[in-house]
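Quick note: the coordinates plus some simple rules give every number you see, no bench work behind them. Since the model is a prediction, treat every value here as computed from it, not as a measurement. We place every Cβ from the backbone using ideal geometry, glycine too, and count neighbours over all the protein chains shown.
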Amino acid sequence: MKNFKDFSGSQFVRWTVIQENESRGGRRYFLCRCDCGKEASVLLYSLTSGASKSCGCLQKEVASNTGRTHGYSDHPLYHTWICMHYRCSDPGYVDYPKYGARGISVCDRWSDFNLFVFDMGDRPDGMTLDRRDNDDGYYLENCRWATAEQQNRNRRNSHMITAFGQTLSLAEWVEKTGIGRYAIRGRLRGGWEPERALSTPVDHSRKIV
């Protein structure tokens, strides 16, 4: 029988582990107490990876100090930046189960609001912040401004393909290359390398590509 490490008493930034309290889908959760006194069940990976540093009080303090000191609270991207952090680090936030609880985190660089704005630039009208790979975190190479339609295509169960230094959904590669989704899928299932599958023109004179 496999022995699991006992994290009771361990400190993770503002969290102190009290005891292991549940396991869901093979993932371990621990009852933790924040320095502010609030208790919550936190995914082990969120603790060890640094995705969750507190019950949310730390992020609120950072947000409050940032906005008050530098006037960012009126910036059009400030709400996007704050919500990005909350959903990844605050177990009490409504979207935390879909982000922080899955191990999704924000890169250290984007703890600085100025650097987030520098990297992402202004938000185009009608677009919101989106991650190209929904199982990966928030950092420049994995983020973009996208329309609602693009985000729907990029839902968690989308088939993501990495080729030519880019990771895009199958639907996006279809648009980009003009090659049909069934042709791309068939080629990949047949053992083709992604670059070959996405660059070889379809021979319409044959039934099999």
Exercise. Roughly how compact is region 90-209, stated as its Cα Rg over 2.2 N^0.38 Å to two decimals?
Worked result: 1.28
For this session: Could you tell me the distance between the Cα centroids of region 29-52 and region 95-166, to the nearest Å?
Result: 24
Seminar exercise, completed: One finds, for residue 148 and residue 16 with R0 = 41 angstrom and r their Cβ-Cβ distance, a FRET efficiency to the nearest 0.05 of 0.50
Exercise. With labels modelled as points extended 7 Å from the Cα through the Cβ direction, what inter-label distance (nm, one decimal) is found for residue 123 paired with residue 189?
Worked result: 4.0
Problem set entry | region 159-209: Cα Rg divided by the 2.2 N^0.38 Å rule of thumb | 1.04
